[in-house]
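**Student:** Quick one: the structure is below, questions incoming.
Just so you know, all these numbers are worked out from the coordinates, no wet-lab data involved. Remember, predicted model here, so these are calculated numbers, not experimental data. Positions of Cβ are generated from backbone atoms using ideal geometry, with glycine treated the same way; all protein chains shown enter the neighbour counts.
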Amino acid sequence: MKTTENILIVDLEATCWENRPPRGQESEIIEIGVCIMNAKTGKISKNEGILVKPRHSKVSPFCTELTTLTQNMLDHEGIMLDDAFDILRAEYDSEELTWASYGNYDLNMLQNQARRFYTDYPMSDDHINVKTLFGEIHPTIRKSVGMNRALGELGMTLEGTHHRGVDDAKNIAKILHWCLKNY
């Protein structure tokens, strides 16, 4: 596992529905939660949630209930996906730093959305799947568990709002730091 001195932690939120998406809609990134974690100390810096306007879908009531994000918020505060990717490159050095997410959903979603919207993929090739790593390292958990359960197993509490990228990125960083110390 290749790591850089600082690791970029990413947690995405996307449009979602209780059942199937309505005709013509698809799951799209609506928040890119990020923070930088020092690999040695676990210190977290530069934590933010970059709100993204979906192009082909609307935020459903189910999605708002899960994430607290509303269509109105994204309409007024959201930016285009390629602009969000530019922020990752310019302000977070995303093409140079090792980056991490909880599971492969974020990795696959970033790759798929870059292809779908004909924009350059903004991340380095060095990705850490914290969910898998935690399952490999934890002495009693030998399978994939959700982020909230992983925090509980470590005696940590979830900070902020679950399913808000800005908060989940910090929570993932805490789990990753434990993993790196015990690797």
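**Student:** With only alpha-carbon atoms in the gyration tensor, what are the semi-axes of the equivalent ellipsoid for segment 50-153, in Å, largest first?
**Tutor:** On the way: eigenvalues 151, 81, 26 Å².
With the √(5λ) rule applied to segment 50-153, the semi-axes are 27, 20, 11 Å.
**Student:** Nearest 5 percent is fine: what portion of the DSSP beta bridges confined to the chain is antiparallel?
**Tutor:** Values: 15 of 22 bridges.
Percentage antiparallel, nearest 5: 70.
**Student:** A further question on this structure: Based on alpha-carbon centroids, what's the gap between segment 125-183 and segment 3-58 in Å, whole number please?
**Tutor:** Using only Cα atoms to place each centre, the spacing works out to 16 Å.
**Student:** Here's something else I'd like to know. What residues have an amide H closer than 5 Å to that of Thr3, excluding those fewer than 5 places away on the same chain, when H is modeled at 1.01 Å from N in the peptide plane?
**Tutor:** For Thr3, whose amide H was placed from the backbone, there are no distant partners under 5 Å.
**Student:** Quickly work out the Arg55-to-Glu153 label distance, labels modelled 7 Å from Cα along the C-beta direction, and quote it in nm with one decimal.
**Tutor:** 3.8 nm
**Student:** Give me the net charge of Lys170's neighbourhood, meaning all other residues with Cβ under 13 Å from the Cβ of Lys170; Lys, Arg count +1, Asp, Glu -1.
**Tutor:** Working: positive: Lys43, Lys46, Arg164, Lys174; negative: Asp11, Glu48, Glu159, Asp167, Asp168.
Residues near Lys170 contribute -1 overall.
**Student:** Hey, if you drop one equal point scatterer on each alpha-carbon of the chain and run the Debye formula without solvent, what base-10 log of I(q)/I(0) do you get at q = 0.13, 0.14 Å⁻¹?
**Tutor:** For the requested q values the scattering log ratios are -0.64, -0.74.
**Student:** Can you give the helix-only mean residue ellipticity at 222 nm for the chain, where every DSSP H stretch with n ≥ 4 adds -39500 (n - 2.57) and the sum goes over all residues, rounded to the nearest 500 deg cm²/dmol?
**Tutor:** Details: 7 runs with 71 residues, N = 183.
After summing the helix terms and dividing by residue count, I get -11500 deg cm²/dmol.
**Student:** What is the sum of charges, Lys and Arg at +1 and Asp and Glu at -1, for the other residues whose Cβ falls under 13 Å from the Cβ of Thr70?
**Tutor:** Details: positive: Lys53, Lys58, Arg164; negative: Glu13, Glu31, Glu65, Asp75, Glu77.
Value of the local net charge: -2.
**Student:** Cut-off under 21 Å on the C-alpha distance; same-chain residues fewer than 8 positions from Lys46 excluded. Which lysines are left, in chain and number order?
**Tutor:** Counting by Cα, and skipping residues close in sequence, Lys46 has these lysines nearby: Lys170, Lys174.
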